[in-house]
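See below for the structure under consideration.
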Amino acid sequence: MKNNLSMPVRYVINILSIIFFLVLGNFLLKIGLFGRAQVSTIIQSGIYIILAVSLNIVVGYLGHIPLGQAGFMAIGGYAAAFFWKSGILGGELAFIIGIIIAGISSGLFGFLISMPAFRLNGDYFAIITLAFSEIIRSVLINFPKVTGGAQGLKRIPKYSNFFCVYSIVIIVCTLIHLIMKSKHGRAILSTREDEIASKSCGVNIRRYKIFAFTISAFFTGIAGAVYATNQGIIAPSEYGFMKSVDVLVMVVLGGMGSMIGSITAAAFLASLPLFLQSVMKSFNNYRMIVYSFILIIIMVFKPSGLFGNYDFSFSAILERIINRLFVSKNEKVHENL
Amino acid sequence: MIVRDMHKSILPKRDQNVKAVIECKGVGIDFGGLCAVNDFNILIKKEEICGLIGPNGAGKTTVFNLLTKVYTPTRGVMYLNDKNTKSMNSIEANQSGIARTFQNIRLFKNMTVIENVLVGLHNEENCGIFESIFRLSKYWRSEDLLKKRAMELLSIFGMTNVADHISSSLSYGSQRRLEIIRALATRPSILLLDEPAAGMNSSETVELMENIKKIRDSFGIAILLIEHDMNLVMGVCETIGVLNYGVLIAKGTPREIQNNPVVVEAYLGKAKE
């Protein structure tokens, strides 16, 4: 007989494993197990994870390909940086409020952009989002009195550390998971699967497209804020077209529609340059070729991405282990009888 | 014989006093210079099973697309439960009581069977985003209710045992059945079935005939179906409309349609004299 873990038990297991992960990570960093470059890469990975899971909402769950994530990241980064630099508040509270401001301002732009953007599909949708991103970048460059122009903003207060960044990663992933496992998530997925069928079921697909795009922009803005505080300096040149493509590559590589895929690919691609740099010291100039080659290999042999559309569930794995042990024990008892 | 008074459907006596679920008056659509459907008139009453037949390319699926507002008619008026559908889109049409299946199965292929039905139940319970994210008691109540209802619907076609299967892994016949269940989940007052027996073997078709009647009786809804399988159409429909080149050329009981020379000519052509 199958044993199914009840929802409260699943939640307790997940919360405990999250706390364990955060405490263990913090402990390993504190005892000095990792060098400075490695710690920096781990934090960078966290930021890319937020970016990738946010983009995965639109690319993986909704089935549209935007190329303007860098624009939302810039909005979030600049909004938070303005707030932090204003010095209205200090300490952790300032960090939290800055993050929220970044999310809201980016989400607001996402909402405004999505309304005309979703009148188009496919390539045209990608182009309109790319154009938006470029407009943002131009505005940032051409208003130097406010934005610092091409040189950007400097001396942004540094709040980021492993605990802060990965707490945000966990909160973002949890929120996305909770949305996608609700009726609203099902509506978003149905839109990806078949728009006509979805409409024939009474799902307001336009509303859900805008909703998905807005929450994606909201979380991307948060990632932008974390990026800004981690770097301490931001400039429009960092939010170019290639930044959007980098994040898109992570989502596609991990498997569109798989959160664990986005997380793994983001962590993998963010740490790959550092790994190649340390392994191939004598071939340092060739590491980008190796990086590209790895991407080609994965895409050729696993076109659906590393995880396809599989999503990881720690409690489901535990449930399977318990069932296997329980069922095998029962079977043994039956055999003995 | 071309039917003159298209507005009056030929109904069993029991339904004569029941109000119309759907009524079309002079509906038509042009695609550029092509008149795909012209002067389409139909009136379907509650609990009526009506068939729409015609040769390939006659415009049957276009009529379905017009009724469900996938296409906006170029001319004519349509009433769905006494409401003019002029300003409705397909979502509002569904919410006003029209549901359909498709000629080429349109399931949410990467979603499970129960998730497909749950999408059909999307408008059943009003649970906001805030309640869903924070998993408030309203969310749990609504999810429990929806899942219970989904399992009830699946039990109609005996599909509860495959509820957790990915819908694309089902057999062709089961996929067709699931599409009907998903349409029923939207609580329609009229169900449009576009070739429901396509790809089914004879025993599955017989089972489908029984199920169509069962759906009509237990849900108390009208059904309009497009089908090429004449055994199914003649066996299950109370009235049949025949469409040819976008025009309704005949309408009547199965017996009348079988003996109608205009229908025979539309299907088989005219003998050389």
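The values are calculated or read from the model by the stated rules, or taken from the named source; none is laboratory data. All figures in this text were calculated on a predicted structure; none of them were measured in a lab. Please note: Cβ atoms are built from the backbone with ideal geometry, for glycine as well, and neighbour counts cover all protein chains shown. Only protein heavy atoms, including side chains, enter the accessible area calculation; ligands, DNA and RNA are left aside. Shrake-Rupley method; radii C 1.70, N 1.55, O 1.52, S 1.80 Å.
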Could you check segment A:115-147 and list, in sequence order, the residues that are buried (at least 22 other Cβ atoms within 10 Å of the Cβ) and polar (S, T, N, Q)?
A:THR129, A:SER133
Within segment A:64-114, can you find the residues that are surrounded by fewer than 21 Cβ atoms within 10 Å (Cβ to Cβ) and in contact with a Ser or Thr (Cβ under 7 Å, 6 or more places away or on another chain)?
A:PHE111
Unique match (being of a type outside the set (Lys, Arg), buried (at least 22 other Cβ atoms within 10 Å of the Cβ) and more than 16 Å from the chain's Cα centre (by Cα)) among B:GLY246, B:GLY241, B:GLY199, B:GLY235
B:GLY246
Take the conditions open to solvent by 80 Å² or more (accessible area, probe 1.4 Å) and within 23 Å of the chain's Cα centre (by Cα) and apply them to A:ILE31. Does it pass?
no
So, B:SER137, is that one loosely packed, with under 15 Cβ neighbours inside 10 Å, closer than 27 Å to B:ALA197 by Cα and either without any contact (Cβ under 8 Å) to a residue 24 or more places away in the chain or facing another protein chain (nearest Cβ under 9 Å) (or both) or not?
no
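Yes/no per residue for (1) under 15 Å from A:VAL58 (Cβ atoms); (2) modelled with pLDDT of 95 or more:
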site	(1), (2)
A:LEU93	no, no
A:ILE99	no, yes
A:ASN121	yes, no
A:VAL146	no, no
A:LEU178	no, no
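When segment A:40-53 is examined, which residues are found to be surrounded by 16 or more Cβ atoms within 10 Å (Cβ to Cβ) and either small (Gly, Ala, Ser) or out of contact with any Leu (no Cβ under 6 Å at 6 or more places or on another chain) (or both)? Don't jump to the end; show me each part of the working.
As a first pass, look at segment A:40-53 and keep what is surrounded by 16 or more Cβ atoms within 10 Å (Cβ to Cβ): A:41-53.
Of everything in segment A:40-53, those that are surrounded by 16 or more Cβ atoms within 10 Å (Cβ to Cβ) and either small (Gly, Ala, Ser) or out of contact with any Leu (no Cβ under 6 Å at 6 or more places or on another chain) (or both) turn out to be A:ILE42, A:ILE43, A:GLN44, A:SER45, A:GLY46, A:ILE47, A:TYR48, A:ILE49, A:ILE50, A:LEU51, A:ALA52, A:VAL53.
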Out of B:LEU268, B:LEU193, B:LEU170, B:LEU184, sole residue that is crowded, with 17+ Cβ neighbours inside 10 Å and either over 19 Å from the mean Cα position of the chain (by Cα) or at pLDDT below 90 (or both):
B:LEU170
Quick one: which residue in A:ILE233, A:ILE263, A:ILE297 is open to solvent by 20 Å² or more (accessible area, probe 1.4 Å) and under 13 Å from the mean Cα position of the chain (by Cα)?
A:ILE263
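Every residue, every condition in (1) hydrophobic (A, V, I, L, M, F, W, C); (2) closer than 19 Å to A:GLY46 by Cα, yes or no:
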site: A:ASN121; (1), (2): no, no
site: A:PHE132; (1), (2): yes, no
site: A:VAL139; (1), (2): yes, no
site: A:THR147; (1), (2): no, no
site: A:ALA150; (1), (2): yes, no
site: A:ARG155; (1), (2): no, no
site: A:CYS164; (1), (2): yes, yes
site: A:HIS177; (1), (2): no, yes
site: A:HIS184; (1), (2): no, no
Within segment B:109-134, considering residues that are without any contact (Cβ under 8 Å) to a residue 24 or more places away in the chain and more than 7 Å from chain A (Cβ to nearest Cβ), the one least open to solvent (accessible area, probe 1.4 Å):
B:GLY128
Top-ranked residue in segment B:156-167 [being assigned to a helix (DSSP H, G or I) and free of Cβ contacts under 8 Å to residues at least 24 places away in the same chain; ranked as surrounded by the most Cβ atoms within 10 Å (Cβ to Cβ)]:
B:THR160
Taking only pairs six or more apart or across chains, which ones have beta-carbon atoms under 6 Å, a first residue in segment B:73-102 that is over 23 Å from B:GLU124 (Cα atoms), and a second residue that is of a type in the set (Ser, Thr, Tyr) and outside any helix (DSSP H, G or I)?
B:MET78/B:THR85
Go through segment A:61-115 residue by residue and tally those that are within 26 Å of A:TYR208 (Cα to Cα), free of Cβ contacts under 8 Å to residues at least 24 places away in the same chain and either among the charged types (D, E, K, R) or not in a helix (DSSP H, G or I) (or both).
0
For segment B:220-273, which residues satisfy the criterion of being of a type outside the set (Asp, Glu) and in contact with a Cys (Cβ under 8 Å, 6 or more places away or on another chain)?
B:ALA222, B:ILE223, B:LEU224, B:LEU225, B:CYS237, B:THR239, B:ILE240, B:GLY241, B:GLY246, B:PRO254
Could you please let me know if B:LEU153 is in contact (Cβ under 8 Å) with a residue 40 or more places away in the chain, surrounded by 19 or more Cβ atoms within 10 Å (Cβ to Cβ) and not charged (D, E, K, R)?
no
How do the pairs read when you match residues in segment A:134-146 that are closer than 18 Å to A:PHE241 by Cβ with residues anywhere that are among the hydrophobic types (A, V, I, L, M, F, W, C), using Cβ under 7 Å and keeping only pairs 6 or more apart or on different chains?
A:ILE136/A:ALA74; A:ILE136/A:ILE75; A:ARG137/A:ALA74; A:LEU140/A:ALA74; A:ILE141/A:ALA150
Residues that are open to solvent by 40 Å² or more (accessible area, probe 1.4 Å) and within 14 Å of chain B (Cβ to nearest Cβ): which helices (runs of 4 or more DSSP H) entirely in segment A:149-224 hold 3 or more of them?
A:162-180, A:195-200
